[in-house]
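Just so it is clear, none of the values below were taken in a lab; they were calculated from the coordinates. Here the structure is a predicted model, which means the values were calculated and not measured.
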Amino acid sequence: MFERFNALDAEGLSPLVSDGVKHSAPGTQFGIHLEGKSVFIAYFREKVFPKFEKVHFMSDNMYEDAEAGVVVTEWHGDFLTKAGKPFSSKGVFVVVMTDGKIDWVREYFDTEKTKQAMS
């Protein structure tokens, strides 16, 4: 997933996710909750990736509960907006896996930094 994000490659996410994939950013100013592969891919292709010139996510810590099918990744990232503003941020992805595919991504991140960088 990080490789596809870092390449700004929405279509490359398609083989990684289930048909019913969900994506949530609960409690953030973005407040998204998406369902379905085509909606998920379109969201990144049309609304997220076009805002960036460069994205570089790196995993700091990863925890996996294989029995529950959950992976939690603490990350940090360096970003460059299309407007030329660089910024760094930190966050957590909670990823639920089903049959080897990403079935639900919940993300928690510093929305204030993102908001400031995008304005």
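Quick look at the numbers
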| item | result |
| --- | --- |
| Stretch gain in nm, segment K82-K51, where the contour uses 0.36 nm per residue and the Cα spacing is subtracted | 10.6 nm |
| Rg/Rg_globular for the stretch 2-118, with Rg_globular taken as 2.2 N^0.38 Å and Rg from C-alpha atoms | 1.02 |
| Eligible lysines near K82 by straight Cα distance, threshold 16 Å, same-chain separation 8 or greater | K47, K51, K54, K113, K115 |
| Placed amide H near I32: partners under 5 Å, 5+ positions off or other chain | A25 |
| Mean ellipticity per residue at 222 nm, deg cm²/dmol - from DSSP H runs of n ≥ 4 across the chain, formula -39500 (n - 2.57) | -3500 deg cm²/dmol |
